[in-house]
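Peer 1: Input: one structure, supplied below.
The values are calculated or read from the model by the stated rules, or taken from the named source; none is laboratory data. Every value quoted in this text rests on a predicted model; they were computed, and no experiment measured them. Here the Cβ is made from the backbone with ideal geometry for all residues, glycine too, and neighbour counts use every protein chain on show.
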Protein chains: 2
Amino acid sequence: MNAISRPPADLPAALVAALSALLGERFSRRSADLEQHGRGESYHPTCPPQAVCRATATEEVARIVTLCAAHRVPVIPFGAGTSLEGHVLAVAGGISLDLSGMNRIVAVRPGDLDATVEAGVTRQQLNAWLRDQGLFFPVDPGAECTLGGMAATRASGTNAVRYGTMRENVIALTAVMADGSVIRTGSRARKSSAGYDLTRLLVGSEGTLGIITEVTLRLYGVPEAVSAAICHFPDVASAVATVTDIVQAGNPVARAEMLDDMTMRAINRYSKTAMAEAPTLFLEFHGSAAGVEEQAALAQEIADGHGGTGFERATGHEALNRLWHARHNVHYAVLGLSPGRKLWSTDVCVPLSQLTELVRWADRERADLPVMTSMVGHVGDGNFHMGLLIHPDDPAELGVAEAFNERLVERAIALEGTCTGEHGVGTGKRKFLVKEHGAALAPMRAIKAALDPLGILNPGKVLPD
Amino acid sequence: MNAISRPPADLPAALVAALSALLGERFSRRSADLEQHGRGESYHPTCPPQAVCRATATEEVARIVTLCAAHRVPVIPFGAGTSLEGHVLAVAGGISLDLSGMNRIVAVRPGDLDATVEAGVTRQQLNAWLRDQGLFFPVDPGAECTLGGMAATRASGTNAVRYGTMRENVIALTAVMADGSVIRTGSRARKSSAGYDLTRLLVGSEGTLGIITEVTLRLYGVPEAVSAAICHFPDVASAVATVTDIVQAGNPVARAEMLDDMTMRAINRYSKTAMAEAPTLFLEFHGSAAGVEEQAALAQEIADGHGGTGFERATGHEALNRLWHARHNVHYAVLGLSPGRKLWSTDVCVPLSQLTELVRWADRERADLPVMTSMVGHVGDGNFHMGLLIHPDDPAELGVAEAFNERLVERAIALEGTCTGEHGVGTGKRKFLVKEHGAALAPMRAIKAALDPLGILNPGKVLPD
């Protein structure tokens with residue numbers, strides 16, 4: 001899937017000299033650096049770049065891109081390396097442009113409920129900074145990822161059901177385009193009808209249309225009250241049906257996470273907890289003290305109707321932290337079930353009304369798979385992940401994962417859903433875009449050709465060949 | 001501003017024959033039809049198309065565009081003709097493609113909180129249809145406009161402070177591209193990371209990148225309780241400061257409209273009401289019965305602090321309808337103050353923290369203008385309109401409006417705002433995009449050239465020459 005048609009030529013000596021002169025120690029061809037920049041956190045085999053450039057400012061990114069453009073050398077943006085779909089693999093060679101050093105919080109404006117940060121700032125770093133000001137940034141994919149990377153992959157996570165994804169929460173961007181020009185998209189006004197929405201075009205473009213160097217984000221006031229609840233179910237479908245009913249009832253639930261018995265077992269082992277090892281919902285409610293009570297009572301009533309048991313409230317900072325810390329570590333916890341194996345994560349998302357049926361189907365089908373599987377879901381959004389534990393070097397296990405994912409994606413697209421709710425396309429899901437977008441692939445290709453005529457920006461990603 | 005470099009050649013006879021054969025009576029060159037399709041509702045002089053094509057289906061739109069492309073004839077989409085920025089003017093000749101006959105509600109899916117409608121469906125038509133199902137579509141620009149037109153101009157209106165604009169509420173689109181191909185953008189999943197966001201690119205593109213023929217929209221449950229309030233202030237700045245404080249306090253107000261004394265006078269006269277003719281706020285709250293009470297109490301407290309007087313609650317369907325009916329008719333009410341004159345409406349939008357100062361400045365400056373002015377604002381979004389009543393044929397009055405708007409826009413852009421919050425660019429605001437977007441205009445132009453290489457889609461709109 002990551003086949004390189006031909007091995008990339010050596011980097012031109014003139015480019016190496018120019019980048020070394022520009023960056024000094026921040027230009028590297030050490031093999032450990034190359035290795036680390038050639039992989040994400042999933043099953044995709046490592047595919048290292050030919051050099052790593054560590055940038056510290058937008059103007060520097062512009063100079064690097066200009067140099068690479070002059071030599072027709074690919075540029076692959078790199079943040080925290082938490083990609084799950086091969087976004088950072090150097091499938092056509094080129095340089096990895098590491099933005100993690102661009103980690104300044106440029107401005108926080110409480111009166112406008114927005115903040116501007118450099119692309120390398122992580123969401124934890126921003127939220128730690130905001131804590132004293134009664135503000136927070138809600139988009140939370142779990143991993144310790146950068147906000148630039150989250151924008152580039154249109155990430156979401158546990159809070160999206162209430163607060164939306166990066167699509168809704170990125171107000172404006174600074175980006176370096178393929179010709180080295182620096183643009184600023186959007187303004188800080190809450191709305192605008194002034195021209196084409198380049199912000200939303202760059203969000204989710206995975207570094208293939210421009211390199212995001214700065215993002216302006218929407219912030220929210222920390223709610224007056226936050227409480228969580230946990231509840232167990234006889235099967236995953238009942239847990240899912242509970243959440244779709246909660247959302248359809250207009251309950252503004254802030255998080256609604258489904259975890260199957262396998263995942264609960266993994267969490268107990270990894271996080272030293274002792275929760276029931278059954279299909280489970282983690283719920284969180286935000287609002288006024290009274291509002292949170294109302295929401296939790298309604299959720300409990302709906303859960304009861306679907307056979308939920310052991311509905312238990314968690315309030316207080318510590319209880320909440322424990323719960324979401326456990327949820328955030330699911331990826332690593334599940335990996336711990338079978339050391340040495342990697343995780344192939346599916347990521348379909350379907351209209352809410354179709355979710356329970358699809359999860360029921362997937363739950364039945366996985367019983368026949370010859371590999372271990374876990375299932376977690378941002379089910380309030382219609383999005384769930386099956387984690388297949390495989391040896392990527394074993395063609396049989398890889399084939400099992402590929403074939404299962406293909407069947408799942410086909411079903412999701414037939415239900416008017418998508419092959420990827422939040423992980424992005426990368427190298428891993430390019431082929432599904434043909435079925436998902438049909439004729440709409442042509443304007444996507446036209447846009448790519450218009451904005452990156454030399455094809456130097458993260459080649460081999462997003463669009464199928 | 002709407003200068004045509006040269007008068008358009010007559011429509012090719014072969015095109016006329018083909019369109020007549022395709023559309024029969026729905027192809028028209030009657031002067032009344034041309035006249036009606038060559039104007040919006042503002043000061044822009046009428047600029048009629050050379051023919052009107054009334055389409056009834058996406059496939060028909062595709063055939064019309066294919067025929068026009070073959071003859072290099074411009075195509076200008078037309079909905080309800082409520083444009084305020086010259087979007088429908090045939091500045092380079094061509095045909096007006098009237099989509100108002102495409103007014104089928106294709107599907108309403110309560111379980112997914114979405115609906116699919118043809119582009120010619122109006123928001124009132126959709127909401128009338130939804131009423132029995134406990135659902136509504138919130139975006140409300142006031143005018144009786146089509147949902148296709150609202151998507152094309154990225155419209156918003158009174159509810160945006162709570163529910164967002166067309167940017168947030170269009171899930172997916174069907175569009176006909178410049179080569180006659182039909183694409184479907186997005187899916188019905190609530191989120192997706194699968195490829196470039198063509199939905200958001202087409203929303204707000206004003207018919208210059210593709211012709212929207214169908215839209216899938218997000219719906220909301222009718223809130224358990226709705227109540228409104230009205231409150232008067234010593235000056236417009238105090239009214240605005242009240243709203244920015246309400247929003248900054250995290251109060252999820254559903255509408256927050258400021259109207260100046262002149263507008264209140266116009267409303268009283270037009271709608272036969274007897275409200276105080278002072279700067280006024282119309283507020284609306286959505287939520288549970290208790291939540292609505294909480295919100296209103298907080299709003300009243302903040303209003304009191306800014307010198308608000310006569311805070312009065314309005315509950316019950318009839319009182320609410322009366323209030324918002326009066327607000328919706330402001331455009332026509334203000335026109336009634338000086339019969340024969342037209343309205344030049346400004347539309348700047350700035351970060352919330354800058355709004356009170358900018359409104360204060362505008363309020364001072366307008367005292368010196370030799371024309372009547374009104375002021376209304378969706379102030380929870382940072383957006384306000386000054387209505388200047390002018391004779392567009394009088395160069396002196398036109399010059400006054402142009403010069404004032406230019407100064408206002410320059411200030412707004414300097415405050416990191418935008419020249420247009422919701423009316424769109426059309427022909428009227430193209431020149432401001434240079435200052436507002438700077439280097440980001442280049443990728444916009446590249447996208448336009450890539451998706452409409454012949455330049456037949458609504459030429460002379462959005463992008464400056």
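Peer 1: Go through (1) within 10 Å of another protein chain (Cβ to nearest Cβ); (2) in a loop (DSSP other than H, G, I, E, B); (3) touching a strand residue (DSSP E or B) at 6+ places or on another chain (Cβ under 7 Å); (4) of a type outside the set (Lys, Arg) one by one and return the number of the condition A:Thr427 breaks.
Peer 2: Failing condition for A:Thr427: (1).
Peer 1: Determine, yes or no, whether A:Ala442 is within 8 Å of chain B (Cβ to nearest Cβ), closer than 30 Å to A:Val65 by Cα and touching an Asp or Glu at 6+ places or on another chain (Cβ under 9 Å).
Peer 2: yes
Peer 1: Next question. Taking A:Thr185 as meeting all but one of (1) under 30 Å from A:Thr309 (Cβ atoms); (2) β-branched (Val, Ile, Thr); (3) facing chain B (nearest Cβ under 7 Å), write down the number of the exception.
Peer 2: Single failed check for A:Thr185: (1).
Peer 1: Among the residues of the range A:188-224, which ones are within 7 Å of chain B (Cβ to nearest Cβ), small (Gly, Ala, Ser) and surrounded by 24 or more Cβ atoms within 10 Å (Cβ to Cβ)?
Peer 2: A:Ala189, A:Ser192, A:Ser193, A:Ala194, A:Gly195, A:Gly204, A:Ser205
Peer 1: Hand me the list of strands (runs of 3 or more DSSP E) wholly inside the range B:89-143 holding 1 or more residues that are free of Cβ contacts under 8 Å to residues at least 12 places away in the same chain and surrounded by fewer than 17 Cβ atoms within 10 Å (Cβ to Cβ).
Peer 2: The qualifying strands (runs of 3 or more DSSP E) are B:105-109.
Peer 1: For a quick check of your reading of the model, give me the residue pairs whose first member lies in the range B:399-418 and is in the same structural domain as B:Leu355 (by TED's automatic domain parsing), whose second is surrounded by 14 or more Cβ atoms within 10 Å (Cβ to Cβ) and not in a loop (DSSP other than H, G, I, E, B), with beta-carbon atoms closer than 6 Å and at least 6 apart or on different chains.
Peer 2: Short answer, once both residue conditions are applied: B:Ala401/B:Trp344; B:Ala401/B:Leu388; B:Ala401/B:Ile390; B:Val409/B:Phe432; B:Ile413/B:Glu436; B:Leu415/B:Gln354; B:Gly417/B:Cys349; B:Thr418/B:Cys349.
Peer 1: Could you list, ordered by first residue, the pairs with Cβ atoms under 6 Å in which the first is in the range B:420-433 and within 7 Å of A:Ala194 (Cα to Cα) and the second is in a loop (DSSP other than H, G, I, E, B) and of a type in the set (Ser, Thr, Tyr), at least 6 apart or interchain?
Peer 2: Partner pairs satisfying both residue conditions: B:Thr420/A:Ser193; B:Gly424/A:Ser193; B:Gly424/B:Thr153.
Peer 1: Sticking with this structure for a sec: I'd like to know if the range A:165-174 contains one or more residues that are out of contact with any strand residue (DSSP E or B) (no Cβ under 6 Å at 6 or more places or on another chain) and in a loop (DSSP other than H, G, I, E, B).
Peer 2: Looking through the range A:165-174, at least one residue is out of contact with any strand residue (DSSP E or B) (no Cβ under 6 Å at 6 or more places or on another chain) and in a loop (DSSP other than H, G, I, E, B).
Peer 1: Report, by residue number, each residue of the range A:219-234 that is under 22 Å from A:Gly380 (Cα atoms) and either in contact with an Asp or Glu (Cβ under 6 Å, 6 or more places away or on another chain) or not in a strand (DSSP E or B) (or both).
Peer 2: Of everything in the range A:219-234, those that are under 22 Å from A:Gly380 (Cα atoms) and either in contact with an Asp or Glu (Cβ under 6 Å, 6 or more places away or on another chain) or not in a strand (DSSP E or B) (or both) turn out to be A:Leu219, A:Val222, A:Pro223, A:Ala228, A:Ile230, A:Phe233, A:Pro234.
Peer 1: Please work out if B:Ala450 is at negative phi and within 8 Å of another protein chain (Cβ to nearest Cβ). Write out each step before concluding.
Peer 2: On the way: at negative phi: yes; within 8 Å of another protein chain (Cβ to nearest Cβ): yes.
Yes.
Peer 1: On to the next question. Would the range B:384-405 turn up any residue that is at the interface with another protein chain (Cβ under 8 Å from one of its Cβ atoms) and surrounded by 24 or more Cβ atoms within 10 Å (Cβ to Cβ)?
Peer 2: No: zero hits.
Peer 1: Right, here's the next one. May I ask you to say which residue of B:Thr346, B:Thr373 is surrounded by 18 or more Cβ atoms within 10 Å (Cβ to Cβ), touching a Lys or Arg at 6+ places or on another chain (Cβ under 9 Å), of a type outside the set (A, V, I, L, M, F, W, C) and at pLDDT 95 or above?
Peer 2: So the residue among B:Thr346, B:Thr373 that is surrounded by 18 or more Cβ atoms within 10 Å (Cβ to Cβ), touching a Lys or Arg at 6+ places or on another chain (Cβ under 9 Å), of a type outside the set (A, V, I, L, M, F, W, C) and at pLDDT 95 or above is B:Thr373.
Peer 1: Any residue at all in the range B:230-247 that is under 21 Å from B:Val139 (Cβ atoms), more than 23 Å from the chain's Cα centre (by Cα) and within 11 Å of another protein chain (Cβ to nearest Cβ)?
Peer 2: no
Peer 1: Among the residues in the range A:235-251, are any touching a residue at least 40 places away in the same chain (Cβ under 8 Å), in a helix (DSSP H, G or I), over 22 Å from A:Ala160 (Cβ atoms) and in contact with a His (Cβ under 8 Å, 6 or more places away or on another chain)? Let's see the steps before the verdict.
Peer 2: Narrowing the range A:235-251 to residues touching a residue at least 40 places away in the same chain (Cβ under 8 Å): A:235-249, A:251.
Keeping just the survivors that are in a helix (DSSP H, G or I) gives A:236-248.
Subset that is over 22 Å from A:Ala160 (Cβ atoms): A:238.
In the following step, the residues that additionally are in contact with a His (Cβ under 8 Å, 6 or more places away or on another chain) were identified as A:238.
Yes; the residues of the range A:235-251 include at least one that is touching a residue at least 40 places away in the same chain (Cβ under 8 Å), in a helix (DSSP H, G or I), over 22 Å from A:Ala160 (Cβ atoms) and in contact with a His (Cβ under 8 Å, 6 or more places away or on another chain).
Peer 1: Could you tell me whether B:Ala290 is modelled with pLDDT of 95 or more and over 23 Å from the mean Cα position of the chain (by Cα)?
Peer 2: On the way: modelled with pLDDT of 95 or more: no; over 23 Å from the mean Cα position of the chain (by Cα): yes.
For B:Ala290, the condition - modelled with pLDDT of 95 or more and over 23 Å from the mean Cα position of the chain (by Cα) - is not met.
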